Amino acid sequence: MFFYFQISWIITYPSFGPTLNQGRIYQVIKSHHSHQGRGGATIQVELRDVDTGNKIVERFRTDEALERVFVEDKPFTYLYQEGDNVALMEPNTFEQLEVSKELFGKNAAYLKDEMKVTVQFFDGRALSGSVPPRVTCTVVEAQPNAKGLTATPQYKRVLLDNGLTVLAPPFVEVGENIVVSTVDDSYMTRA
């Protein structure tokens with residue numbers, strides 16, 4: 001889940017520079033709260049400008065106010081990919097929507113036919129898309145199982161049908177279906 005906010009004024013602190021313009025909408029990619037010594041706490045955030053796609057890293061004091069943008073989550077069904085765009089269908093009205101694959105970020109690799117996805121809208125414009133947190137994939141290539149006694153668990157790299165490589169336990173073989181977490185691209189269980 002992403003958070004969005006709008007800079008509704010020009011911040012005049014020199015550390016922010018000219019990158020923050022009035023009325024811009026930013027998506028929070030990462031955030032880190034820190035408190036150093038006797039000074040005030042700060043929050044360092046990695047932001048993506050929704051309009052331009054540029055990423056910036058900014059630091060805010062905890063007493064600074066930012067206007068939160070409320071987005072509308074709408075469910076869609078993934079239909080197909082055409083070039084850099086994907087076709088989605090709204091399940092209730094059967095209206096089709098074509099959006100950029102970039103809306104899904106790194107999770108675009110998990111898109112499969114008939115998958116339920118969520119698209120976030122603000123003022124009628126699509127800001128981002130998300131896939132389910134767990135996806136079933138097929139193993140197309142796996143290293144052979146290395147036998148031996150070890151005190152720590154051993155993992156091997158497996159190539160999935162979507163082109164991603166994940167670490168899986170040694171018992172996973174080619175042709176098996178496994179469940180993968182889309183949050184951190186990790187093996188969860190057999191399907």
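The values are calculated or read from the model by the stated rules, or taken from the named source; none is laboratory data. Note that the coordinates shown come from a computational prediction; the quantities given were computed from them, not determined experimentally. Neighbour counts are summed over all protein chains in view; Cβ atoms, including those assigned to glycine, are modelled from backbone coordinates with ideal geometry. To get the accessible areas, we keep the full protein, side chains included, count just its heavy atoms, and leave off ligands, DNA and RNA. Shrake-Rupley method; radii C 1.70, N 1.55, O 1.52, S 1.80 Å.
Of all residues in segment 71-86, those that are free of Cβ contacts under 8 Å to residues at least 40 places away in the same chain and either closer than 24 Å to residue 34 by Cα or assigned to a loop (DSSP other than H, G, I, E, B) (or both) total 2. For segment 48-68, the tally of residues that are part of a strand (DSSP E or B) and over 22 Å from residue 131 (Cβ atoms) stands at 9. Within segment 64-87, the residues that satisfy the criterion of being open to solvent by less than 50 Å² (accessible area, probe 1.4 Å) and more than 18 Å from the chain's Cα centre (by Cα) are 64, 69, 79, 87.
Can you tell me which residues in segment 151-171 are part of a loop (DSSP other than H, G, I, E, B) and either at pLDDT below 90 or of a type outside the set (A, V, I, L, M) (or both)? Of everything in segment 151-171, those that are part of a loop (DSSP other than H, G, I, E, B) and either at pLDDT below 90 or of a type outside the set (A, V, I, L, M) (or both) turn out to be 151, 152, 153, 154, 155, 161, 162, 163, 169, 170, 171.
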